[in-house]
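Notes follow the structure.
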Amino acid sequence: MKKITLCIAGGGSTHTPGIVRTLLNNIEKFPVKTIRLYDIDAEKNDDMYVIIKYMLKQQGLNGIEVMKTEIPKEAFEGCDFIFSQIRVGGFKMREQDEKIPLRHGLVGQETCGLGGFAYGLRSMGGFLKMMSYIQEFAPEAWVLNYTNPESIIAESVRRRFPNAKIINACDMTIGIEEVLGNTFGYDSKDWIPEYYGLNHFGWYKSIYDIASQKDIMPELIDKIIENGIHWDRAGESWKKAYYMMGHMVKVFPSNIPNNYLEYYLFPDMAIDGEDVSYTRANAIMDGRVKELKEKADMIRKDHERTDIDFGSGVHGQYIVDMASSILNNLNMRFKVIVPNKGAIPNLRQDAVVEVPAYVNAKGAEPISFREDIPDFHKGLMEAQVAAEKLLVDAFFEKSYQKALQAFTLNQSVPSARIAKQILDEMIIANEGYWPELK
Ligand SMILES: NC(=O)c1ccc[n+]([C@@H]2O[C@H](COP(=O)([O-])OP(=O)(O)OC[C@H]3O[C@@H](n4cnc5c(N)ncnc54)[C@H](O)[C@@H]3O)[C@@H](O)[C@H]2O)c1
Ligand SMILES: O=P(O)(O)OC[C@H]1O[C@H](O[C@H]2[C@H](O)[C@@H](O)[C@@H](O)O[C@@H]2CO)[C@H](O)[C@@H](O)[C@@H]1O
Ligand SMILES: [Mn+2]
């Protein structure tokens, strides 16, 4: 089997160790021979280089080559796969995305609401510039993208690089499935879910359980209504997210929703208890970002130590499984973010949607639902996808008016007055990241 050259773009990402651990645990089905770390932050990239070299030594895999670079040509030329997970503006800008809307009493969140739109206007510039390098230096490489906000990124790539070899993916649904399986006594690896939506804005249609040979979503809904979803193994923010997911099922029991829909269906409850002086971005900067830096420094101080652990999880497993399904033409089934093109028959064809797909050597082949989705979900999605398209219009056209329309139409916003106030504040906060809107 071909030996693989892989570039991790956003190499300094806090998720890189988990992805590399998964790669090393799956070397037989995805035989990586070279790992390139590409980042614009040389310090973060160097921290990760130290950590990855340590992980390879710890597992006795010193035969795998690791290099780090901030030069796109060095990063991408000759690559077979590129895993991309960049955060344009870093956590300091995510902090602004979260705090500015919260100060106006609206949802302040990484990928949802107006925080997500601010992130989207920032991300498109950096991501499309990186994609232009990839098209120049490695047009044949497969880009597997985790960079958020996925719907906005996917729509901007669909317009700017319509023939790019890219698959956009999100690990939220497999995170949800793992939590539901663990909570209610199923093995979610035995599930064949039917799911539709925009990214972070979707619903399960059915969940076929191979062991019991039936759709178990009805019985799962009954259990959730009776017990709620209590998940406190991943910190307070996820505990609240899963509590709200349970609440949504109780109020709208037809389907199991993506947890992120709390920000659109119950924005008042979502912001209840949020501390505008200390948001999720602050917790992460004080948490996993700090821990990673400390671990890199511990390794630099003592190259012989072997007691530092870096775990793997669903985040790494999903992207490595997807890469292996392409490399080995396995036709494994994933949820991917792709142009609709009729997969959801009664939603506009040019929407970018999150649906199940078989992934093989040709890429992602979406599965069509063949029947209309309910008006409640269709109505919410139509409005939100129109808002997302207006945001991408605003980026390419450098249009203030399109940005204001997008902000006003975002399904977390009650008034154009507040939309305009937040937009004007975010223009100042995002100077140098957003295009100059006229
Ligand atoms: N799709 C999903 O379900 C999913 C899951 C987890 C994280 N994410 C996304 O993955 C990304 C990384 O998340 P994280 O928490 O590890 O963030 P992080 O800040 O720890 O890592 C991001 C890295 O990207 C680098 N970077 C920023 N702009 C860049 C550019 N233009 N070119 C190259 N590198 C650049 C940064 O220097 C940093 O090292 C974010 O976009 C996050 O939202 C997506
Ligand atoms: O607040 P963060 O940065 O910790 O997480 C935001 C991301 O949350 C989701 O990814 C989670 C995933 O759902 C969970 O199971 C575990 O793997 O951690 C991931 C990253 O924290 C979501 O899918 C992403 O889009 C968000 O960026
Ligand atoms: Mn996601």
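I'd like to know which of 111, 135, 243 lies farthest towards the positive end of the charge dipole of the chain, counting +1 on Cβ of Lys and Arg and -1 on Cβ of Asp and Glu.
135
I'd like to know how the stretch 145-237 sits against the 2.2 N^0.38 Å rule of thumb: what's its Cα Rg over that expected value?
1.30
Mind telling me which of 244, 269, 172 comes out most flexible in a GNM of the chain, alpha-carbon contacts under 10 Å?
Between 244, 269, 172, it is 269 that shows the largest mean-square fluctuation.
Using the Cα atoms of the stretch 157-205 to build a convex hull, what is its mean projected area in square nanometres?
That works out to 4.5 nm², a quarter of the Cα hull's surface.
Which pairs, out of 2/68; 389/438; 44/73; 44/389; 3/68; 341/420, put more than 27 Å between their alpha-carbon atoms?
Result: 44/389; 341/420 exceed 27 Å.
Which three lengths, in whole Å and largest first, does the stretch 214-270 cover when its Cα atoms are put on their principal axes?
33, 25, 17
Considering only C-alpha atoms, what is the centroid distance from the stretch 362-438 to the stretch 32-98, in Å?
31
Taking 8 Å as the Cα distance limit and 6 or more residues as the minimum spacing, I'd like the relative contact order of the chain as a percentage.
Dividing the mean separation by the residue count of the chain yields 18 percent.
Hey, could you grab the Kirkwood Rh for the stretch 369-413? Inverse mean 1/r over distinct alpha carbon pairs, Å, one decimal.
Result for the stretch 369-413 stands at 11.2 Å.
If you build a Gaussian network model of the chain, linking Cα atoms that sit under 10 Å apart, which residue out of 178, 219, 365 swings the most?
Residue with maximal mean-square fluctuation among 178, 219, 365: 219.
Where in the chain are the helices, taken as whole DSSP H runs, whose Cα atoms extend 30 angstrom or more along the long axis and whose Kyte-Doolittle mean reaches at least 0.0?
Span-like helices in the chain: 113-137, 375-397.
For the stretch 1-141, just list the percent of Cα-Cα distances falling in each 10 Å bin from zero outward, please.
Bins of 10 Å from zero give 12, 36, 30, 16, 5, 0 percent of pairs.
For the stretch 1-78, give the magnitude of the charge dipole about the Cα centre (Cβ charges: +1 Lys/Arg, -1 Asp/Glu; no others), in debye to the nearest 20.
Dipole magnitude for the stretch 1-78 comes out near 440 debye.
Could you tell me how many cubic angstrom of Cα convex hull volume the chain has per residue?
It is 141 Å³ per residue.
Using only alpha carbon pairs under 8 Å that are at least six residues apart, calculate the relative contact order of the stretch 220-289 and give it in whole percent.
That works out to 24 percent.
List the relative contact order of the stretch 137-268 as a percent without decimals, with contacts defined as Cα pairs under 8 Å and 6+ residues apart.
19
Would you mind checking the pairs 53/295; 214/250; 92/293; 129/165; 205/335; 223/250 and listing those with alpha carbons more than 18 angstrom apart?
214/250
Amide H of residue 207 versus every other amide H placed in the peptide plane: which residues, excluding those fewer than 5 positions away on the same chain, fall under 5 Å?
Long-range HN contacts for residue 207: 194, 216, 217.
In µm²/s, what is D for the stretch 184-254 at 10 °C and 1.306 mPa s, where D = kT/(6 pi eta Rh) by Stokes-Einstein and Rh is the Kirkwood radius from Cα pairs?
My calculation gives 121 µm²/s for D.
If I model a spin label as a point 7 Å beyond the Cα along the Cα-Cβ vector, how far apart are those points for residue 307 and residue 29 in nm?
Inter-label distance under the simple model: 3.5 nm.
What shape does the stretch 55-97 have by the C-alpha gyration tensor, where a ≥ b ≥ c are the square roots of the eigenvalues, rounded means a/c under 1.5, and otherwise prolate means a/b greater than b/c and oblate the rest?
Oblate, because a/c is 1.5 or more while a/b does not exceed b/c.
Taking every pair of distinct Cα atoms and averaging 1/r, then inverting, what Kirkwood hydrodynamic radius in Å comes out for the stretch 76-235?
18.0
What would the Debye formula give as log10 I(q)/I(0) at q = 0.11, 0.15, 0.21 Å⁻¹ for the alpha-carbon point model of the stretch 239-397, no solvent?
The computed values of log10 I(q)/I(0) come out as -0.74, -1.16, -1.29.
So which aspartates and glutamates pass the test for residue 189, namely a Cα distance under 20 Å, with those fewer than 8 places away in the same chain ruled out?
171, 177, 178, 209, 215, 219, 321, 354
Values in this text are rule-based calculations from the coordinates and carry no lab data. Here the structure is a predicted model, which means the values were calculated and not measured. Cβ: placed from backbone, ideal geometry, glycine included. Neighbour counts: every protein chain shown.
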